[in-house]
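The values are calculated or read from the model by the stated rules, or taken from the named source; none is laboratory data. These numbers were taken from a predicted model, which means no experiment stands behind them. Here the Cβ is made from the backbone with ideal geometry for all residues, glycine too, and neighbour counts use every protein chain on show. Keep in mind that these areas ignore ligands, DNA and RNA; they rest on the heavy atoms of the full protein, side chains included. Shrake-Rupley method; radii C 1.70, N 1.55, O 1.52, S 1.80 Å.
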Amino acid sequence: MSTTSLSPNSLQPTLEQVVTRPLLRKKRLVLNILISFLILCISLLLGFHAYIAWTLARPHIEPLHSDPMRAVGLPYNSVTFPSHNGTSNLEGWFIPAHSDKTVIFSHGYGGNREELWVPLYNLARELHLQNYNVLMFDYGYVHPGNKRIMTGGIQESQELLGAITYIKLASSGPIYIWGFSMGAGTALQTALQSGNDISGMILDSTFLLNPDTLYHNMKQVVNVPKFPSLPLVRLFFPLLNGVSLHEVPYNKVTSTAYSMPIFFIHGTEDYKAPYGMVEDMFKQQKESQSKLWIIPKAQHELLYRAEPKTYVQRTMSFLNGITATLTY
């Protein structure tokens, strides 16, 4: 067997090896840094949109500041009732009148039964003067103790159905829904399920949580691109909150001709829910008593404040006109 002798020089690295090895180490280091940076960026991107999806379902809501008696001198009863599907219990105020006709207020996202910026107490007083009972209640996501989340009208429509059932048990007269922002969108979703129990609706600043309005409102807070931001939020929403925004029937809501008269009221400077959607919905309505009022320069849910006297006159005229034509 032959053996090969190794000289001391053969054990020394070549010049090419001396130059190449450090370069390879540097390349690996740079590649590892780039991969780590990419992973960090993706994690931050995913985390940011997960946070949006989480907070969207859990809006900050101020506690109640007053009540009908302290605010506008109206006697009231505190009431509780279950949602239609029995998964939540709702709290509210019932303001009685010498009448069997009732208006149920459906408050908006981020608000509660008193929505001071609307302001609901003033409207409750006007309704009482017109001899309407009034029900003011909180949706389930308002109180942290209920462990409910905002669902874009999916669960809220079940809760509004519960309010309707509560009134039906107390009175045989007509029931009207007066909705604001997402509360108006919830009223429309409710009417799809129980239209025969609703004699008419007033919808102020109607908001539907469809992809366009969701992105529109996200962009008001953070200037993010529609892709991938919108798909990521819609992806994380069911993962974190247990309900998918795909369940919101916004296409059916906007294309339905409802059986009851509806008074759509909207502002041209509504940056949360563009008024074009409401104009398109109004065109679908066949009920002759339905009305549309677009208020120039008015903002989201500030329509009463834009023209207080005209707002009260038109809304009360609408309700009284419907009531006059009903036989019950």
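In the range 64-109, counting only strands (runs of 3 or more DSSP E) that sit wholly within it, the ones holding 1 or more residues that are free of Cβ contacts under 8 Å to residues at least 60 places away in the same chain span 77-82, 89-95.
For the range 218-227, enumerate the residues that are in a helix (DSSP H, G or I) and either without any contact (Cβ under 8 Å) to a residue 40 or more places away in the chain or of a type in the set (Phe, Trp, Tyr) (or both). Correct list: 219, 221, 226, 227. Step by step: first the residues of the range 244-298, then only those that are in a loop (DSSP other than H, G, I, E, B) and closer than 22 Å to residue 150 by Cβ, then the one that is most open to solvent (accessible area, probe 1.4 Å). Which residue is that? Taking the candidates together, the pick is 271. Being under 28 Å from residue 307 (Cα atoms), surrounded by fewer than 21 Cβ atoms within 10 Å (Cβ to Cβ) and in contact with a Gly (Cβ under 8 Å, 6 or more places away or on another chain) is a condition met by no residue of the range 71-79.
Write out, first by first residue and then by second, each pair whose Cβ atoms fall under 7 Å of each other, whose residues are 6+ apart or on separate chains, and whose first residue, in the range 309-323, is over 12 Å from residue 290 (Cα atoms) while the second is of a type in the set (Lys, Arg). As it stands, the answer is 323/101, since those pairs meet every condition given.
Can you tell me which residue in the range 160-188 is farthest from residue 314 (Cα to Cα), limited to those that are part of a helix (DSSP H, G or I) and open to solvent by 10 Å² or more (accessible area, probe 1.4 Å)?
169
For the range 229-243, the condition holds for no residue, the condition being that it is within 30 Å of residue 314 (Cα to Cα), out of contact with any Gly (no Cβ under 7 Å at 6 or more places or on another chain) and not in a loop (DSSP other than H, G, I, E, B).
Residue-by-condition table, conditions (1) among the acidic types (Asp, Glu); (2) at pLDDT 80 or above:
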position: 16; (1), (2): yes, no
position: 19; (1), (2): no, no
position: 28; (1), (2): no, yes
position: 41; (1), (2): no, yes
position: 45; (1), (2): no, yes
position: 58; (1), (2): no, yes
position: 71; (1), (2): no, yes
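For residue 60, the stated conditions hold: it is exposed (fewer than 10 other Cβ atoms within 10 Å of the Cβ) and either within 23 Å of the chain's Cα centre (by Cα) or basic (Lys, Arg) (or both). Of the residues making up the range 195-217, those that are open to solvent by less than 20 Å² (accessible area, probe 1.4 Å) and part of a helix (DSSP H, G or I) number 3.
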